[in-house]
Amino acid sequence: MVASTVLPAEHETPRITINRFGLWLFFLSESMLFAGLLVARFGLLGTEVNEEVSQSIGLLVTVILLASSYSALRAEQAAKARDRAGLVRWLTLTLVMGAIFLAGVAYEWVEAFDAFPTSTTFGTLFFTMTGVHAFHVITGLVFLLILLFNAKAGRYDEDSWPVEAGVKYWHFVDVVWVFFYPALYLI
Amino acid sequence: MAVVGGVVGGAIGYVLGAAGIMAIRAAVGARAWEVESVTAGAWLVAVSGWLLGVGAWKYWVSPWFGRPERTYATHGWRRYFDFDTDHKVIGIQYLVTFLVMFFMAGLFAMFMRWELMRTGEDVVNADQYNAIMSLHGTMMVFVAVAATVGAFGNYVVPIMIGADDMAFPKLNALSYWLVPPVLVALTVSFAFGGYDTGWTGYAPLSVQSDVGGLFYNLAFFTLGLSSIIGGLNIIVTVVTMRAKGMTWGRLPIFVWSIFITAMMSLIFTQFVALAMLMVILDRTAGMVFFDPASGGEPLLYQHIFWFYSHPAVYIMILPAFGITLEMISHFSRKPLFAYKWAVGALLGIMGLSSVVWAHHMFTSGMAESLRKPFLASTELISIPTGVIFLSALGTLWLGKIKFTVPMLFALGVLFNFLIGGITGVFLADVPVDIQLQDTYFVVAHFHYVILGGGIFGLFGGIYYWFPKMTGKMMNSGLGKLHFWAIMLGFNVTFLPMFVIGLQGMNRRIADYTPDLEPGNKMVSMGAFFLGSSFLIFIYNFIYSWARGETAPANPWGARTLEWQIPSPPPHENFEVPPIILADPYGYGEADSLHADMGIGTLEEAKDSERV
């Protein structure tokens with residue numbers, strides 16, 4: 001019996017599946033970091049919230065960040081439809097909203113330094129949690145900027161995976177905020 | 001050369017990062033230069049600069065900015081100093097780097113035992129002793145966590161599952177090149193006088209310690225990053241890149257052990273990164289996570305730290321279990337006994353690993369109600385561990401055992417881990433633990449587990465896969481001499497530690513009462529013998545790599561895929577993708593064949609595999 005069979009091509013896992021799986025594992029791992037921060041927050045302070053957090057800024061940046069997830073979704077859809085102009089438009093909008101979110105957090109920080117400095121327990125938790133989250137927002141914005149730069153040059157006309165990855169990461173950062181916002185402002 | 005680019009990139013990164021932090025500090029009215037805050041902030045930029053300089057920019061990131069893709073083009077020995085994406089190169093990079101770290105840490109142990117030979121502070125003073133002890137512990141833990149997974153997880157696992165590389169080769173190179181900054185941080189820490197917290201870095205001492213402590217935090221944080229990325233890559237590789245016919249039930253047990261280890265790395269390592277981040281923030285940003293006077297909680301550190309670091313114990317030992325079972329089957333010429341139960345046991349250890357952490361904290365002052373549940377969950381671990389032993393013993397039973405060097409190490413793991421495991425049963429018991437906490441009984445216990453189990457497994461793996469990795473045979477006479485020397489040295493060093501621990505010898509201390517001197521002398525003598533036995537290994541390793549006999553493709557007559565291809569394997573591993581027909585342990589079973597390598601006829605394949 002001759003055994004030198006050629007491997008059937010359909011056996012190989014498609015590259016896109018491998019990439020997606022890796023991305024989701026990354027989210028799983030990152031969730032542990034944020035879960036650890038939440039544990040620290042409730043472990044140290046229970047459900048106590050400092051009354052001087054600015055509810056209006058908190059609500060505003062939350063709405064903007066959630067809205068930016070929608071525009072990110074539209075950007076991904078535009079990339080899949082090979083609509084270059086739409087991709088550029090929606091990416092730009094997402095970037096602007098992300099930047100507004102960061103500006104809001106920065107403004108809140110300046111206020112918070114006086115109200116509850118890092119040397120208080122709530123200040124420690126507030127600055128660490130918003131800081132770690134903002135760091136992820138910044139990296140997300142860097143990815144979105146690179147996407148925008150390349151989208152203009154038409155590099156995603158063939159393969160929209162980078163757009164999908166950047167947008168999924170942006171959604172992930174949003175979902176984290178969905179847990180952090182109530183933990184820091186509401187409960 | 002790439003490493004030079006990395007150093008330049010790292011220096012530029014540090015300067016840029018430092019400038020940024022100093023600007024922010026000046027803006028908020030603080031003194032611009034303050035070594036801790038500036039270094040902590042600049043570290044991330046410096047490491048990014050190092051990675052970009054060492055090759056991440058050239059081979060990875062630059063196409064994101066519209067530059068053309070470059071394919072990798074370095075050959076020969078220079079590949080090992082470059083951002084090479086071949087899993088076989090990365091495996092060897094990991095192995096050599098961590099061997100260097102291992103021998104550095106071993107040298108520190110020699111200094112510790114020199115000081116402890118007599119009472120009094122006669123060789124080094126208490127501060128120097130603490131620094132040496134802390135660095136020994138930290139480096140050895142890093143080696144135990146990352147060496148086996150990094151070296152053999154990278155080199156062997158893709159071949160064992162019939163893949164041509166890892167799922168994400170560039171990510172793989174990234175995870176390796178994060179390791180040199182770890183070594184740099186630890187060395188710099190020593191230059192700053194080290195730190196005195198031990199490898200566990202408990203707060204609040206770690207918050208108050210000198211600047212050396214900051215580099216410990218940065219080093220652990222960076223190794224964590226490397227570990228997470230590496231773990232992710234291994235999981236995706238094993239799930240998506242298996243050859244046709246390589247079902248989960250046919251996966252070699254070593255692949256299972258690395259796969260499960262990778263899952264633990266992926267999930268738990270974030271917590272140690274978080275613990276390190278919190279300490280850094282307490283140190284540099286005036287935060288109060290661990291300051292009880294301001295409402296913080298020092299025990300929070302221990303909870304978060306051990307939530308990673310206990311699973312990390314299994315990250316250290318499971319690969320060694322995998323290597324041990326693998327070799328016991330191949331060298332007993334018998335199918336692996338209770339394969340499915342062994343896999344289940346590995347999974348069971350992973351499951352339990354997340355619910356036992358507070359057994360490190362019985363005397364910490366945590367709520368007393370937590371003691372019993374953690375006692376019970378910890379004792380439960382002995383059940384899956386026992387199943388691993390049953391699998392090993394059942395395989396050995398009536399086997400045609402070949403006492404090769406790797407097989408001797410596998411049997412050494414069984415012997416040493418038995419002692420380490422059973423003393424662990426005592427230590428998990430709250431009343432016993434309260435007596436023995438922080439004594440040399442604990443030191444002896446974890447050295448039996450990690451050195452006697454994990455590191456013996458690592459060296460068994462080196463002797464086993466060396467012919468495949470280098471294409472040269474290691475001298476087996478010297479190998480056997482090395483085995484018996486370290487087996488003897490190891491047990492003479494660590495068995496008496498149980499006794500002096502019971503007599504009340506505290507760990508992490510440079511001095512002790514005179515009645516403990518005889519025991520300590522014996523430990524020190526054993527340690528010097530143990531340490532010098534590694535000289536045999538170093539000689540054998542270097543000499544055999546340079547001048548050893550050429551290795552055949554399958555010197556051990558083993559059935560797993562890596563032995564069915566040439567030594568060392570060609571770049572793409574397999575000429576034709578293999579098709580897996582059965583599990584790799586069908587020794588002595590008529591007509592069993594692990595894989596159709598697609599070369600020649602099935603009959604020829606059976607003949608060559610039978611050896």
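The values are calculated or read from the model by the stated rules, or taken from the named source; none is laboratory data. This structure is a prediction, so every number in the text was calculated from the model and none was measured. Cβ: placed from backbone, ideal geometry, glycine included. Neighbour counts: every protein chain shown. These area figures cover heavy atoms from the full protein model, side chains too; ligands, DNA and RNA do not enter into them. Shrake-Rupley method; radii C 1.70, N 1.55, O 1.52, S 1.80 Å.
Brief remarks follow.
- Inter-chain Cβ neighbour average for residues A:153-160, partner chain, 10 Å: 1
- Förster radius 25 Å - calculated FRET efficiency between B:ASP511 and B:VAL432, Cβ distance, rounded to 0.05: 0.45
- Whole-Å semi-axes of the ellipsoid equivalent to the range B:460-587 (Cα gyration tensor, √5λ, descending): 43, 18, 12
- Residues of the range B:278-302 that bury at least 40 Å² of accessible area once all protein chains are present, compared with their chain alone (1.4 Å probe, heavy atoms only, ligands and nucleic acids left out), are B:MET287, B:VAL288, B:PHE289, B:LEU300.
- Summing charges over all other residues whose Cβ lies under 15 Å from the Cβ of B:LEU52, with Lys and Arg as +1 and Asp and Glu as -1, gives +3.
- Listed residues B:ARG242, B:ARG250 arranged by accessible area, highest first, probe 1.4 Å: B:ARG250, B:ARG242
- GluC sites (Glu not before Pro) restricted to DSSP loop in the range B:1-94 with at most 11 other C-beta within 10 Å: B:GLU69
- Solvent-accessible area per residue for the range B:58-152 (1.4 angstrom probe, square angstrom): 40
- Heavy-atom accessible surface of chain A, averaged per residue, reaches 46 Å², computed with a 1.4 Å probe.
- Cα Rg, Dmax (largest Cα-Cα span) when computed across chain B, Å: 24.3, 80
- Within chain A, the whole DSSP H helices whose Cα atoms reach 27 Å or more along their own axis and whose mean Kyte-Doolittle score is at least 1.0 are A:15-45, A:84-115, A:121-152.
- In this rough spin-label picture, where each label sits 7 Å from Cα along the Cβ direction, the A:ILE100-B:GLU36 distance is 4.0 nm.
- Accessible surface ranking that places the most exposed of B:LYS340, B:LYS402, B:LYS88 first, with a 1.4 angstrom probe: B:LYS340, B:LYS402, B:LYS88
- Solvent-accessible area lost in complex, 30 Å² minimum, residues of the range B:227-267 relative to chain alone, 1.4 Å: B:LEU232, B:VAL236, B:THR240, B:LYS244, B:LEU266, B:ILE267
- Quarter of Cα convex hull surface for the protein assembly as shown, i.e. mean projection, nm²: 33.8
- The Cα-based radius of gyration and maximum Cα-Cα distance (Dmax) for the range B:413-498 are 15.8, 53 Å.
- Over the range A:1-112, relative contact order from alpha-carbon pairs under 8 Å, at least 6 apart, %: 24
- Distance from the range B:321-349 to the range A:156-171 (C-alpha centre basis), Å: 42
- Counting Cβ atoms of other protein chains within 10 Å of each residue's Cβ and taking the mean over peptide A:26-36 gives 6.
- Solvent-accessible area per residue for the range B:241-338 (1.4 angstrom probe, square angstrom): 21
- The contact between chain B and chain A removes approximately 3400 Å² from the accessible area (both sides summed; 1.4 Å probe; ligands, DNA and RNA excluded).
- Whole-angstrom gap from the range B:416-475 to the range B:488-504, using each part's C-alpha centre: 14
- Farthest positive-ward along chain B dipole, Cα basis, beta-carbon charges - from B:THR119, B:PHE374, B:ALA320: B:ALA320
- Taking all Cα pairs closer than 8 Å and separated by 6 or more residues, the relative contact order of chain B comes to 14 percent.
- Share of carbon and sulfur in the accessible heavy-atom surface of the protein assembly as shown [1.4 Å probe, %]: 68
- Highest to lowest packing among B:170-180, A:47-57, scored as the average C-beta count within 10 Å: B:170-180, A:47-57
- The range B:105-156-the range A:66-114 distance, computed between alpha-carbon centres (Å): 49
- Rounded FRET efficiency, nearest 0.05, which uses the C-beta distance separating B:GLU572 from B:THR119 and R0 of 41 Å: 0.10
- Counts of other chain beta carbons within 10 angstrom of each beta carbon in peptide A:43-49 average 2.
- Ordered by solvent-accessible area of protein heavy atoms (1.4 Å probe), largest first, the residues A:ASP174, B:ASP438, B:ASP591 come out as B:ASP591, B:ASP438, A:ASP174.
- Rounded to the nearest 20 debye, dipole of the protein assembly as shown from Cβ charges on Lys, Arg, Asp, Glu: 1480
- Summary value for chain A: 31 percent relative contact order, contacts being C-alpha pairs under 8 angstrom separated by 6+ residues.
- Dipole magnitude for chain B: computed about the Cα centre from +1 point charges on Lys and Arg Cβ and -1 point charges on Asp and Glu Cβ, it is near 860 debye.
- Dipole axis of the range B:129-274 (+1 Lys, Arg; -1 Asp, Glu on Cβ), positive-most option in B:ALA151, B:GLY224, B:MET241: B:MET241
- Net charge over other residues, Cβ less than 12 angstrom from the Cβ of B:MET276 (K, R count +1; D, E count -1): 0
- Packing-based ranking, highest mean first, of B:331-339, B:359-367 given that Cβ atoms within 10 Å are counted: B:331-339, B:359-367
- Amide hydrogen neighbours beyond the local backbone of B:LYS472, cut-off 5 Å, H modeled: B:ALA551
- Among A:148-159, A:112-123, sorting by the average number of other beta carbon atoms lying within 10 angstrom of each residue, highest first, gives A:112-123, A:148-159.
- Remark: the range B:1-84 carries a charge dipole of roughly 160 debye about the Cα centre, counting +1 on each Lys and Arg Cβ and -1 on each Asp and Glu Cβ.
- The count of lysine pairs in the range B:85-547 whose Cα atoms are under 24 Å apart, excluding pairs fewer than 8 places apart on the same chain, comes to 19.
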